[in-house]
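Student: First the structure, which I've put down as structure tokens, then a few questions once you've had a look.
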Amino acid sequence: MLLELKASLRSASAEEYLCRLFEKIEKSSLNAFTTLAREKAIEQARQFDKNPGQGLMAGVPIAIKACISTIGIETNCSSRILRGYVPPYDAHVVERLKAEGAIIMGKTNMDEFAMGSSTETSAFGPTKNPWDQTCVPGGSSGGSAACVAGGEAPCALGSDTGGSVRCPASFCGIVGLKPTYGLVSRFGLVAYANSLEQIGPLTHTVEDTALLMEIIAGHDWRDTTSAEKGSYLAGLKGDVRGLKIGIPKEYFGEGVNTEVEKAVWDAVSVLENLGAKWQEVSLPHTRYALAAYYVIAMSEASSNLARFDGLRYGLRQLGEDEDWHTTFSEIRAKGFGPEVKKRILLGTYALSAGYYGRYYLKALKVRTLIKEDFQRAFKDVDLLASPTMPIPAFKIGERINDPLSLYMADVFTVPINLAGVPAVSVPCGFAGRLPIGLQLMGPHFGEATVLRAAHAFEAATPFHERTPEVV
Ligand code: GLN
């Protein structure tokens, strides 16, 4: 899709195409964007129309999640505390996109500091699901998924700490990839839980995701955890004959919606008809993953978010005679929303002397066991398949006051971040009019195989062709 769009923009006008997208966004009720970079983007499109250039994304617009730094464009993480913060530098991924000629349209709405699975914790109000506007788009990259699914941007970037690319991809019926930890530089990504998160693409097709990975993946000296990239587009069209797919038994059954479960088994049959083989496998520590994830994520968040003191970034109110502690507390009390405050408090508690061993250290030990589960499974199989989410998109307001039920929805996505392996969500069916996502997981740096299987599945099924009627 993006390659065709790129080719068509050479004979049409990139400026006209972009203006049509901005018109759509301005009339839209999805609330997918927090900041639009209309003038800058249109200027860039005009330049492209005069002199198209050769980049992989020349003239193609892209939307960027509000926690990925963009020089000159507000990067607020959908938080009051960062309102008005305009970074003086670009994230590595943004530099790479610009170098390939992509046009940054603006920043997308998200759960505040990426903490959530529904985009309801945003200080800018919830984003709506284009398939049913009474439902959430998933989160935390809900704005990125909704703008792509709703036809307001041809592609977007999100970030995935515990499912934040795959969950909204699944709920909005598009493709979303969480790369292997270290494959994409986190330089310029505002940290929530940095040992878990990666930036990843949200697109209409698997080929588009592979194209974006060609651009954003690879070593960057400013992120010492970053690794060399592989090749993603070249092998995409290969077949899946003989590929061994493991079905983790812990990812089916209790708590999984029956329509979701049926769609995923049908997807396994499609892959089987294409020549893949499947077998049951076990990831025995799965039931401890959510608890370990939330302890680790909140602990890291409590430390990472200490930098938002109102002095260096965003919201700033200095009272006349107040001491620093009072100012600091007031700004943080006003600037952070309730979910972020809760996580800072819980994370601080988990790291405090006396509780560190009982919670944080224990969670790290569980993390190792979960990683070993995956390593063992990948000795026998090439890929694992499961539902991305146990349920289709839920109603706005339905779970936000019941944090446990919201956290439970991440049960199949967080183990992947704990293990650091890659996983993609591809559309595999519908429950009524709401999309369902198939999750394909691979071993560390196994993106090429994950994407090849996802591409073969997509080519054999019609789900990615359906688009919502957004009014
Ligand atoms: N829902 C998970 C959380 O709230 C994952 C979020 C994410 O991946 N950023 O932490």
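Student: Counting residues that are among the aromatic types (Phe, Trp, Tyr), which helices (runs of 4 or more DSSP H) fully inside segment 59-172 reach at least 1?
Tutor: 166-172
Student: I need a count of the residues in segment 266-293 that are crowded, with 17+ Cβ neighbours inside 10 Å, out of contact with any Asp or Glu (no Cβ under 9 Å at 6 or more places or on another chain) and of a type in the set (Ser, Thr, Tyr).
Tutor: Final tally of qualifying residues: 1.
Student: State which residue is nearest to the ligand (Cβ to nearest atom) when the search covers only segment 151-164 and only residues that are crowded, with 24+ Cβ neighbours inside 10 Å and closer than 15 Å to LEU30 by Cα.
Tutor: The extreme case among them is ALA153.
Student: Quick test for you: out of PHE336, PHE374, pick the one residue that is out of contact with any Phe, Trp or Tyr (no Cβ under 8 Å at 6 or more places or on another chain) and hydrophobic (A, V, I, L, M, F, W, C).
Tutor: The match here is PHE374.
Student: Here is a follow-up. Which residue, of CYS167, CYS172, CYS135, is over 22 Å from GLU300 (Cα atoms) and either within 16 Å of the ligand (Cβ to nearest atom) or crowded, with 23+ Cβ neighbours inside 10 Å (or both)?
Tutor: Unique residue meeting the criteria: CYS172.
Student: Only one of (1) of a type outside the set (D, E, K, R); (2) surrounded by 20 or more Cβ atoms within 10 Å (Cβ to Cβ); (3) farther than 20 Å from PHE187 by Cα is not met by GLY84, so which one is it?
Tutor: Exception for GLY84: condition (2).
Student: With a cut-off of at least 3 residues that are small (Gly, Ala, Ser) and under 19 Å from ALA267 (Cβ atoms), name the strands (runs of 3 or more DSSP E) lying wholly within segment 361-471.
Tutor: Result: 423-431.
Student: Could I ask something else about it? Please tell me if VAL148 is closer than 15 Å to ALA32 by Cα, β-branched (Val, Ile, Thr), crowded, with 24+ Cβ neighbours inside 10 Å and within 12 Å of the ligand (Cβ to nearest atom).
Tutor: no
Student: Within segment 449-471, can you find the residues that are within 21 Å of GLU272 (Cβ to Cβ), aliphatic (A, V, I, L, M) and in contact (Cβ under 8 Å) with a residue 24 or more places away in the chain?
Tutor: Selection gives VAL450, LEU451, ALA453, ALA454, ALA456, ALA460.
Student: Yes or no: ASN417 within 16 Å of the ligand (Cβ to nearest atom) and closer than 26 Å to GLY253 by Cβ?
Tutor: yes
Read the figures in this text as sums done on the coordinates, not as results from a lab. Since the model is a prediction, treat every value here as computed from it, not as a measurement. Neighbour counts run over all protein chains shown; Cβ positions are idealised from the backbone, glycine included.
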